[in-house]
Each structure stands twice: as structure tokens, then as C-alpha cells.
1. Residues to consider are 62, 80; find the one that is without any contact (Cβ under 8 Å) to a residue 60 or more places away in the chain and either assigned to a helix (DSSP H, G or I) or surrounded by fewer than 23 Cβ atoms within 10 Å (Cβ to Cβ) (or both).
2. All but one of (1) in contact with a helix residue (DSSP H, G or I) (Cβ under 9 Å, 6 or more places away or on another chain); (2) outside any helix (DSSP H, G or I); (3) free of Cβ contacts under 8 Å to residues at least 40 places away in the same chain hold for residue 57; state the number of the condition that does not hold.
3. Specify which of the listed residues (430, 411, 436, 422) is without any contact (Cβ under 8 Å) to a residue 40 or more places away in the chain, part of a loop (DSSP other than H, G, I, E, B) and over 23 Å from residue 9 (Cβ atoms).
4. Residue under question is residue 141, and the condition is that it be over 18 Å from the mean Cα position of the chain (by Cα), farther than 25 Å from residue 269 by Cα, outside any loop (DSSP other than H, G, I, E, B) and modelled with pLDDT under 95; does it hold?
5. Please work out which one of (1) touching a helix residue (DSSP H, G or I) at 6+ places or on another chain (Cβ under 7 Å); (2) over 17 Å from residue 400 (Cβ atoms); (3) in contact (Cβ under 8 Å) with a residue 60 or more places away in the chain; (4) crowded, with 19+ Cβ neighbours inside 10 Å is the condition residue 352 fails and give its number.
6. Of the residues in the range 236-252, how many are surrounded by fewer than 24 Cβ atoms within 10 Å (Cβ to Cβ) and either more than 22 Å from residue 151 (Cα to Cα) or in contact with a helix residue (DSSP H, G or I) (Cβ under 7 Å, 6 or more places away or on another chain) (or both)?
7. Of the numbered conditions (1) surrounded by fewer than 23 Cβ atoms within 10 Å (Cβ to Cβ); (2) within 20 Å of the chain's Cα centre (by Cα), residue 320 fails exactly one; give the number of that condition.
8. Just need a number here: residues in the range 35-47 that are modelled with pLDDT of 95 or more, under 26 Å from residue 451 (Cβ atoms) and either in contact with a strand residue (DSSP E or B) (Cβ under 8 Å, 6 or more places away or on another chain) or not in a loop (DSSP other than H, G, I, E, B) (or both).
């Protein structure tokens with residue numbers, strides 16, 4: 001991509017104002033016309049949100065969007081909707097043992113509401129605060145329970161519980177790239193003083209599991225150009241990492257929603273891009289003594305920063321000039337786009353391979369957070385680079401052909417891809433590939449990125465998932 005190093009948050013304010021106006025209208029349309037009895041809205045077909053019976057991993061994005069809309073614009077009706085929907089509909093997600101998505105569903109709802117109360121944006125109410133806290137503590141413990149233990153050789157032991165990872169809904173053998181962002185549920189629960197209680201009242205430290213999962217992800221899901229295999233390109237990521245549960249040994253990369261185990265599905269890349277920088281920001285709020293049992297601050301920050309920079313650099317190098325990536329960097333028909341296709345703006349209406357705006361919406365926040373983290377460490381050159389890259393991507397997304405300006409379309413950001421190998425994405429009439437549709441995760445994460453930059457532009461407190 002071509003980074004505009006002159007771009008500033010303030011220069012995007014007019015676009016942000018327009019964005020939030022559109023965002024409100026999309027939320028209103030879904031609230032008015034979508035039938036919740038069908039299940040959670042997942043992605044659009046011909047501009048109307050549809051469900052997809054897999055797991056209900058997008059409901060927190062739906063109601064979290066109402067809360068973010070209030071955060072950005074102060075609309076009390078949006079706040080009331082977000083509160084009511086969280087109270088009435090999100091409880092099953094708090095105790096859902098079958099998924100790895102707690103950071104998506106519960107931090108986006110209960111977490112945002114608790115954060116707003118701590119910021120003084122919602123009137124203090126002790127019982128309401130305790131309700132949110134209890135939900136977040138339970139969510140963090142439930143997510144941490146979904147644990148596969150690996151041999152101690154893969155990391156330091158802790159409380160007789162060796163290194164490991166939160167396993168995906170595919171089963172205990174499966175580590176997903178996505179889950180690095182669901183660590184938010186464990187981090188917040190730890191902040192609230194909670195532990196996972198196992199047999200015989202053994203306490204499992206949730207922060208330690210954050211570090212252990214992040215270390216496993218950094219070691220096996222991210223490549224560094226160190227000769228791991230014939231396709232070891234620095235920053236490349238594997239969507240899924242497979243382990244042999246008989247002996248705990250790593251076996252191979254895999255991909256559920258990408259093209260191949262040895263290519264990079266760009267939304268999986270984006271989850272890692274944002275997951276590591278925001279955990280680095282969170283760790284900066286902790287005392288060194290909390291990190292000593294799992295390797296110490298220097299070692300932990302080192303592997304996290306290495307993974308964050310590798311993936312962010314890979315994204316920059318493998319996205320189109322305007323910062324939008326194609327859905328997979330190894331997609332089989334990319335060569336048909338012609339030489340230098342990354343040197344020009346992405347073409348969502350091409351005939352060969354789709355772009356994925358949701359990967360851009362997620363990834364741009366990772367770049368912004370990495371820039372902020374490095375800036376606080378005094379690395380000004382790197383901070384400027386990553387911040388400018390994030391702002392460049394956001395500017396692209398805040399304009400057509402990505403910003404959905406059609407009142408009849410319920411999506412906010414167009415040209416999102418869900419499951420290309422599974423054929424789940426709509427191909428509109430007259431087109432040869434999926435395009436023109438939106439996803440609930442893409443719409444939520446563009447709102448998060450827009451809120452993050454709006455606060456930068458106004459000199460307000462940084463938007464974070466963790467508590468002050």
C-alpha cells in the first residue's frame with residue numbers, strides 16, 4: 001500500500017461526521033426491519049442482513065454497534081437500545097462454553113457499557129456496574145476454561161498447568177488466529193480480580209492464560225522468515241494451527257476460511273494485527289510483578305511486538321495501494337489481475353478475486369494501536385509509519401466504493417467477505433465474484449476504528465477495551 005504520511009486524524013473529521021450519520025441510519029434500518037427470531041444478523045444478501053446458522057458470534061457486534069454509536073454521538077436512544085438488548089439477549093453468550101468468541105460478543109456489549117460508566121459517560125449506578133462486572137468475570141472464566149495444555153517445552157509452566165491455548169470450536173486440536181482478539185475477555189476479567197476455579201479449588205490466573213495463548217499464537221500462527229517451511233514469509237499467518245493431542249506436538253498449519261494452509265487469509269491476519277497491539281497496550285497498565293511468573297515483561301513484550309510488527313508490515317506489503325487487501329494473498333486467480341495489481345487501488349468489482357473490506361476495517365485499528373504503543377515507547381519513526389498507514393486505510397473506507405451510502409442497503413461497509421471457500425458470499429446479478437455486501441463484524445469494527453480516530457482528532461482519552 002501507499003502510505004500517506006501527511007494524513008492526520010483531524011483531516012478525517014468531516015468524513016467521520018458523515019460516517020456516523022450513515023451509521024445511525026443503518027442501525028435504525030436493522031432495528032426496524034430485521035426479524036431477530038431468525039437468529040443473529042451475519043452478512044447481507046442484496047443489501048439486507050441475513051443470518052447464518054453456525055454460531056451466534058455476531059450478536060455482540062449488532063448491539064455493541066448501538067453502544068459505539070452513543071459513544072461517538074451521544075444519542076441517548078442508542079444507549080438505551082444497547083443497554084436493553086445487552087440485558088435481554090446477551091446472557092447466553094456469557095456462559096457459552098462451545099465457542100472461542102467471548103471477546104467478540106461480551107466485551108463489545110457488557111465491556112463497552114462498563115467502560116462508559118467508568119468514563120463518566122453513563123450515570124454511576126452501583127447495581128448496574130456490578131451486573132456488567134459479573135457478566136465480564138464469568139465470560140473471562142468460561143473462555144479460559146476452553147483450554148488445551150501443551151508440553152512445558154512450548155512455554156513456562158504455571159500453577160501445574162503448562163502452556164497452551166484457547167481452542168476453537170473445531171475442537172481441542174485447533175488454535176484459531178481469531179482468538180487472539182477474544183483474549184480481551186480474559187484481560188478484563190483479570191482486571192476485575194477474577195480467576196478461573198478448577199477442581200479442588202485450584203485457581204487459574206486469567207492473565208497467565210492470556211500470555212500463554214498469545215505466546216502459542218505468536219510461535220505457531222505467525223511466520224518470521226526464519227526458515228520454518230518453504231513458504232515462511234515474514235508476517236504471513238495461518239488461520240488455524242493443528243496440534244496432536246496425544247503428545248501435544250504441533251503438526252501443521254491449516255485454513256478454514258482462507259485459500260490454503262500456506263497462504264494468508266487476510267481477515268485472520270487482521271485479527272492478529274489488532275490482537276497483539278491492544279494486549280501490549282493493556283500490559284503497559286500492569287505492574288511488573290504480575291508478569292514475572294510467565295516470563296517477565298521484557299520477554300512477553302518482545303514476542304508480542306515481534307508478532308505485531310511482522311503482521312502489520314506484511315499487511316502493508318501485500319495490500320493494494322489504497323490499503324484494501326484481497327481476501328487471501330494466495331488466492332488462485334490474483335495473477336489474472338495483471339502485473340502490479342497491488343500498485344493501484346483495489347478493484348472490488350473485478351472478475352477474478354474479491355477484496356475484503358472487513359479485513360481492512362480490523363487491520364487499520366491494529367496499525368493505529370501499534371503506532372500508539374510505539375509512540376509511547378519513544379519510537380517516533382515507527383509510530384508515524386503505522387499510524388499513517390492506519391489512517392490511510394480508514395480514509396479509503398470512509399468513502400465510496402466502500403462506504404454504503406444507499407439508504408436501502410443495511411450494511412455500512414461494502415465488499416466484505418465471509419467464507420469464500422464455502423461459497424457463502426452473495427454474487428450479485430451481473431458480477432462474477434462476491435462484492436457489494438456487508439458483514440456485522442466489518443460494520444462493528446469500522447465503528448471501533450472510527451471512534452478511535454475521532455477521539456484522536458478531538459484530543460480525547462484513547463478508546464481501549466480494558467478499564468481505566
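1. Working: 62 fails: without any contact (Cβ under 8 Å) to a residue 60 or more places away in the chain.
Of 62, 80, the one residue that is without any contact (Cβ under 8 Å) to a residue 60 or more places away in the chain and either assigned to a helix (DSSP H, G or I) or surrounded by fewer than 23 Cβ atoms within 10 Å (Cβ to Cβ) (or both) is 80.
2. Unmet condition: (3).
3. On the way: 411 fails: without any contact (Cβ under 8 Å) to a residue 40 or more places away in the chain; 436 fails: without any contact (Cβ under 8 Å) to a residue 40 or more places away in the chain; 422 fails: without any contact (Cβ under 8 Å) to a residue 40 or more places away in the chain.
Going through 430, 411, 436, 422 in turn, the sole match is 430.
4. Details: over 18 Å from the mean Cα position of the chain (by Cα): yes; farther than 25 Å from residue 269 by Cα: yes; outside any loop (DSSP other than H, G, I, E, B): yes; modelled with pLDDT under 95: no.
Against the criterion (over 18 Å from the mean Cα position of the chain (by Cα), farther than 25 Å from residue 269 by Cα, outside any loop (DSSP other than H, G, I, E, B) and modelled with pLDDT under 95), residue 141 does not qualify.
5. Result: residue 352 fails condition (4) only.
6. 1
7. Tallying (1) surrounded by fewer than 23 Cβ atoms within 10 Å (Cβ to Cβ); (2) within 20 Å of the chain's Cα centre (by Cα), residue 320 fails exactly one: (2).
8. At the first step, the residues of the range 35-47 found to be modelled with pLDDT of 95 or more are 41-47.
Those left that are additionally under 26 Å from residue 451 (Cβ atoms): 41-44, 47.
The next check asks that each one be either in contact with a strand residue (DSSP E or B) (Cβ under 8 Å, 6 or more places away or on another chain) or not in a loop (DSSP other than H, G, I, E, B) (or both); those that pass are 41-44.
Total meeting the criteria: 4.
The values are calculated or read from the model by the stated rules, or taken from the named source; none is laboratory data. Treat the numbers as computed from the prediction; the structure is a model and nothing was measured. FYI the Cβ positions are ideal-geometry reconstructions off the backbone, even for glycines, and counts take in every protein chain you see.
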